[in-house]
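Student: I am attaching a structure below and will ask some questions about it afterwards.
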Amino acid sequence: MAKIVCVLYDDPMNGYPTSYAREDCPQPEVYPDGQTLPTPKAIDFKPGALLGSVSGELGLRKYLKSNGHTLVVTSSKDGEDSVLDRELADAEIVISQPFWSAYMTAERIAKAKKLKMIVNAGIGSDHTDLQAAMEHNVTVDEVTYCNSNAVAEHVVMSILALVRNFIPSHNWMLKGGWNIADCVSRSYDLEAMSVGTVAAGRIGLRVLRLLKPFGVKLHYLDRHRLPEAVEQELNLTYHSSLESLAKVCDVVTLNCPLHPETEHMINAKTLKFFKRGAYLVNTARGKLCDRDAIVDALESGQLAGYAGDVWFPQPAPQDHPWRTMPHHGMTPHISGTSLSAQARYAAGTREILECYFEDRPIRNEYLIVQNGQLAGVGAHSYSKGNATGGSEEAAKFKKA
Ligand code: NAD
């Protein structure tokens, strides 16, 4: 029987919810490219419940317990005396999440002698050292598509919040003001602007489709070019370099995975390619950007705004400068963990576990690493190597 260690974020400060804002939690019938939603044999939760925090347990306890397995659920993941480190030695499966990143570094993978699989209950497996997983023949998988559309909605919301200067205007109301001139002196229309996405995969393409009705000019960069029919449908301009894209865009959004090729792709040098006063929205990964270069660009006016929900490391230490830099629209890592998305990634995690324990193949689209190499979505969207360097700084976070 297997031991499964599951690392989830903490419950709400006032305790696990006993009721919710809505009675139901509508779900799409199918994903935009025809991929089906997760298909576990059963689920032991009600969609719309908080599943991603410790007490929610991704709705897995009944299933795992009834099959004789041991489930350890914890939010303690950083520092040498963390529960994760203590439990790793005989763990067969680690379930991790991007939102409260359980960094599966080479050291941890080497320590976990029985480890066979790391399941990411979400999308974006950069918090696992993929090179070490390949070398130790550990399978890495994620619930592809579970929250891609949720993130795309957050991207569009963030673009509008920055361009329209929404957050400072809202703050004037909280402060008791009616300061119209203060609000609008940084407010523009999105209409007629040029918007570019770095990567047009599941999220990037959804962002392009959602933005089309705003009357913007759409641009993209990807290492895989979209079909001609899609380029024509959305009137897209393709770019083969960040420089070419950034030079013409008023808004740039990052939607590629973090891997050694994309780490720090936005830095002091590449920020010079951007138009002065461009907006940058990054819900992909914090480490795609050089932390201090973003602060400098906002302070100098090279960027007019920066928004997103991803940081490095996670949780971000209290003194992380993105908490206090000017003209930002940052949140903690929430875009992919709405209650709607949680129902899908919990069901997808269950599907992956059922396949593993019943010796059935895991869907190709869920695979990142298998049999010592990049596989499935991993082979399409990632490069070999490791992007977890510096993650030990997450231990500096102190609960407010
Ligand atoms: P996807 O695999 O469908 O798309 C990724 C795209 O990136 C692919 O089209 C790939 O060709 C492209 N790409 C990879 N390397 C590139 C490079 N060097 N230059 C240009 N393009 C490159 O994945 P997705 O569902 O669209 O998700 C993308 C990323 O978004 C994830 O890997 C994750 O990091 C992030 N994400 C964040 C959240 C969140 O909650 N904030 C949730 C889901 C995903």
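Student: Farthest toward the dipole's positive end in the chain, which of 190, 343, 390, given Cβ charges of +1 (Lys, Arg) and -1 (Asp, Glu) about the Cα centre?
Tutor: In the chain, that residue is 190.
Student: Kindly put 146, 25, 183 in sequence by how many other C-beta atoms sit within 10 Å of each C-beta, fewest to most.
Tutor: 25, 183, 146
Student: In square nanometres, what is one fourth of the surface area of the convex hull spanned by the alpha carbons of region 283-384?
Tutor: Its average projected convex-hull area is 8.7 nm².
Student: Mind scanning 41/65; 217/269; 113/384; 46/287 and naming the pairs with a C-alpha gap bigger than 27 Å?
Tutor: Cα-Cα > 27 Å for 46/287; rest within.
Student: Can you give the relative contact order of region 235-314 as a percent, counting alpha carbon pairs under 8 Å and 6+ residues apart?
Tutor: RCO, region 235-314: 31 percent.
Student: From zero up to wherever the largest Cα-Cα distance of the chain sits, split into 20 Å bins and tell me the percent of pairs in each.
Tutor: 27, 58, 14, 0
Student: Could you state the principal axis extents of the C-alpha atoms in region 35-151, from the largest down, to the nearest angstrom?
Tutor: 37, 30, 24
Student: Would you work out the charge dipole size for region 144-219 about its Cα centre, treating the Cβ of every Lys and Arg as +1 and the Cβ of every Asp and Glu as -1, and quote it to the nearest 20 debye?
Tutor: The calculation lands at about 200 debye.
Student: Taking a cut-off of 24 Å, what percent of all Cα-Cα pairs in region 1-103 are separated by more than that?
Tutor: 33 percent
Student: Turning to a different aspect of this structure: Given the convex hull of the Cα atoms of region 238-318, what is a quarter of its surface area in nm²?
Tutor: Over all viewing directions, region 238-318 projects a mean Cα-hull area of 5.2 nm².
Student: How big, in percent, is the set of alpha carbon pairs in region 134-178 lying more than 13 Å apart?
Tutor: The proportion of pairs with Cα distances above 13 Å equals 71 percent.
Student: Also, quick follow-up: So what's the Cα pair-distance distribution over region 87-157, bin width 5 Å, in %?
Tutor: 4, 17, 27, 22, 13, 7, 6, 4, 1
Student: Once you charge only the Cβ atoms, +1 for Lys and Arg and -1 for Asp and Glu, what is the size of the charge dipole of the chain about its Cα centre, to the nearest 20 debye?
Tutor: Magnitude of the dipole: close to 280 debye.
Student: Let me ask you something else. Place a +1 charge on the Cβ of each Lys and Arg in region 156-263 and a -1 charge on the Cβ of each Asp and Glu, then give the dipole magnitude about the Cα centre in debye, rounded to the nearest 20.
Tutor: About 260 debye.
Student: Something else about it: Quick check: the angle from helix 291-300's long axis to the longest principal axis of the chain, C-alpha only, nearest 10 degrees?
Tutor: Once rounded, the angle reads 20 degrees.
Student: Using alpha carbons only, how many degrees (0 to 90, rounded to 10) separate the axis of helix 148-163 from the longest principal axis of the chain?
Tutor: 30 degrees
Student: As a footprinting exposure proxy, order 117, 193 by other Cβ within 10 Å, with the fewest listed first.
Tutor: In order of increasing Cβ crowding within 10 Å: 193, 117.
Student: Neighbour counts of other C-beta atoms within 10 Å: give me 264, 170, 320 arranged from fewest to most.
Tutor: Sorted ascending by nearby Cβ count, the order is 170, 264, 320.
Student: Moving on. Just to confirm the number: angle between the C-alpha axis of helix 202-211 and the first principal axis of the chain, 0 to 90 degrees, nearest 10?
Tutor: So the inclination is approximately 30 degrees.
Student: Starting from the Cα gyration tensor of region 161-272, take the square roots of the eigenvalues, sort them a ≥ b ≥ c, and report rounded, prolate or oblate (rounded when a/c is under 1.5, otherwise prolate if a/b is larger than b/c, else oblate).
Tutor: prolate
Student: Determine by what factor the alpha-carbon radius of gyration of region 219-280 differs from 2.2 N^0.38 Å, reporting the quotient.
Tutor: Compactness ratio reported: 1.17.
Student: Taking 8 Å as the Cα distance limit and 6 or more residues as the minimum spacing, I'd like the relative contact order of the chain as a percentage.
Tutor: 21 percent
Student: Now for a separate question. Name the shape class, rounded, prolate or oblate, that the alpha-carbon gyration tensor gives for region 194-329, where a ≥ b ≥ c are the square roots of its eigenvalues, rounded holds for a/c under 1.5, and otherwise prolate holds if a/b is larger than b/c and oblate otherwise.
Tutor: prolate
We did not get these values from a lab; they are worked out from the coordinates using the rules stated. Note that this is a predicted model, so its numbers are computed, not measured. Reconstructed Cβ throughout: ideal geometry from the backbone, glycine too, with neighbour counts over all protein chains shown.
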